[in-house]
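Each reported figure results from applying straightforward, stated rules to the coordinates on display, with no laboratory input. Here the structure is a predicted model, which means the values were calculated and not measured. In this analysis, Cβ positions are derived from the backbone assuming ideal geometry, glycine residues included, and neighbour counts consider all displayed protein chains.
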Amino acid sequence: MLSAINLKKVWHAVVDVEITEFEVSGRILADVRRFVKGLDIRKKRLLEICELVEAKIRELGAGPAFPCNVGVNEVAAHYTSPWKDPLMIPDNSLVKIDFGVEVNGCITDTAITLSLNPQYDSMIVAAEAALQEAIAAIAPGRKLSEIGTLVERCISRYGFKPIRNLTGHKIERYRIHAGKSVPNVSGIESGRFEVGEIYAVEPFVTLKGAEGAVHEADTAYIYRFVRAKGAKSKESLDLAEYLQRRYRTMPFASRWVFDSGEYEKVAFEELVANRCVVGYPVLVEVSENVVAQAEHTLLVTAEGCRVLTG
């Protein structure tokens, strides 16, 4: 039987290995981030951008932690192209590209905003400045709510408004949203940062006169597996077992399922109808004003925090 001291050593060894894998994930994502910044998105199909980003992640030896999100103008989050998506990047648009890397379940998450209209450039500056202020302030023992206050004040100084009901999030192995949230506005969010925790911090910025909140659209193209129980046909049961084995608790795109050519839409629709898989609805700014986003994943250290995706 292992002594308490030896058990502690084993636990620290496991944590160290996991943190190393998060760092590997972050280094790959930093490379992908540089690739995305260099993309010319004008006149491109959204589907092409999603597939370029996801292919780059695989080329570098990792897997997408979730489908690449491409949010145009008032679409703040959770839009990935569906199967055979015809939509194009519009002229003069503000485009958020949110993407993540997974290495043995160790997830890192980042986002950048690209502007095709100079009048939106200052929104990107505000989002990036708020992100940097948050990173500089994060330290073990600090309240999560204090970061929300800093982010809101920073964005307001630039003459914009944060999105109040979108937050950053703690990350754990195979769990992209692991309980704790990092707000973008002042409030009473409970909890504190602790050494060894991984967080994605992501300010969202909209215009001063906007509602400053998002609502769920009627569409969803990103899903996660919940349970196989409820699958009625052999085809849907086979698909449920595949999704559980392939994605575990991580998000996946409906187009990934259909692109494989092995499964029919009717089987997938049966799983959705029976809550075997659940969707992440597309999130749109309530007043349909444009939204900018900036995001990094970081590790909380004894000294403060270290950006993994920079």
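Which helices count as membrane-span-like in the chain under these terms: full DSSP H, at least 24 Å along the axis by C-alpha, Kyte-Doolittle mean of 0.5 or more?
121-137
Quick check: residue separation of Val278 and Ala55 times 0.36 nm, minus the Cα distance between them. What number comes out in nm?
77.8 nm
Going highest first, how would you order 154-162, 300-308, 200-208, 72-80 by mean Cβ packing within 10 Å?
Output ranking for 154-162, 300-308, 200-208, 72-80: 200-208, 72-80, 154-162, 300-308.
Which residues' amide hydrogens lie under 5 Å from the amide hydrogen of Tyr79, considering only partners 5 or more residues apart or on another chain, with H built in the peptide plane?
Under 5 Å from the amide H of Tyr79 lie the amide H atoms of Val70, Leu283, each far enough along the sequence or on another chain.
Charges only on Cβ, +1 for Lys and Arg, -1 for Asp and Glu: so what's the dipole of the chain about the Cα centre, in debye to the nearest 20?
That gives the chain a dipole magnitude of about 500 debye.
Divide by every residue of the chain the summed helix terms, -39500 (n - 2.57) for each DSSP H run of at least 4, and state the resulting mean residue ellipticity at 222 nm, rounded to the nearest 500 deg cm²/dmol.
-11500 deg cm²/dmol
Can you compute the radius of gyration and Dmax for the stretch 40-104, using only the Cα atoms, both in Å?
Spelled out, the Cα radius of gyration and Dmax of the stretch 40-104 are 11.9, 39 Å.
Gain in length, Ile19 to Asn289, computed as 0.36 nm per residue apart minus the alpha-carbon separation, to one decimal in nm?
Result for the pair: 93.3 nm of gain on full extension.
Please state the equivalent ellipsoid semi-axes for the chain: what are the square roots of 5 times the Cα gyration tensor eigenvalues, largest first, in whole Å?
Taking √(5λ) for each eigenvalue gives 29, 28, 18 Å, largest first.
Note down the magnitude of the dipole of the stretch 221-280 about its Cα centre, charges +1 on Lys and Arg C-beta and -1 on Asp and Glu C-beta and zero elsewhere, to the nearest 20 debye.
340
Got the relative contact order for the chain handy, in percent, Cα pairs under 8 Å and 6 or more residues apart?
After rounding, I find 22 percent.
Can you tell which of Leu116, Leu283, Leu29 shows the greatest fluctuation in a Gaussian network model of the chain with Cα springs below 10 Å?
Leu116
What share of all Cα pairs of the stretch 221-280, in percent, falls into each consecutive 5 Å distance bin?
P(r) over the stretch 221-280, rounded to whole percents: 4, 22, 37, 29, 7, 0.
Consider just the alpha-carbon atoms of the stretch 64-149 and return their Rg together with their Dmax, both in angstrom.
When restricted to Cα atoms, the stretch 64-149 yields Rg and Dmax of 15.7, 48 Å.
Express the Stokes-Einstein translational diffusion coefficient of the stretch 88-198 in µm² s⁻¹, to the nearest whole number, given a Kirkwood radius over alpha-carbon pairs, 20 °C and a viscosity of 1.002 mPa s.
140
Amide H to amide H under 5 Å from Val226: which residues, 5+ apart in sequence or cross-chain, H placed 1.01 Å off N in plane?
Hits under the 5 Å cutoff: Val277, Val278.
Describe numerically, in nm with one decimal, the distance between label points set 7 Å from Cα along Cα→Cβ at Thr301 and at Met88.
4.7
Identify, among Ser81, Leu150, Val290, the residue whose Cα sits farthest towards the positive end of the charge dipole of the chain, taking +1 on the Cβ of Lys and Arg and -1 on the Cβ of Asp and Glu, with the dipole about the Cα centre.
Result: Leu150.
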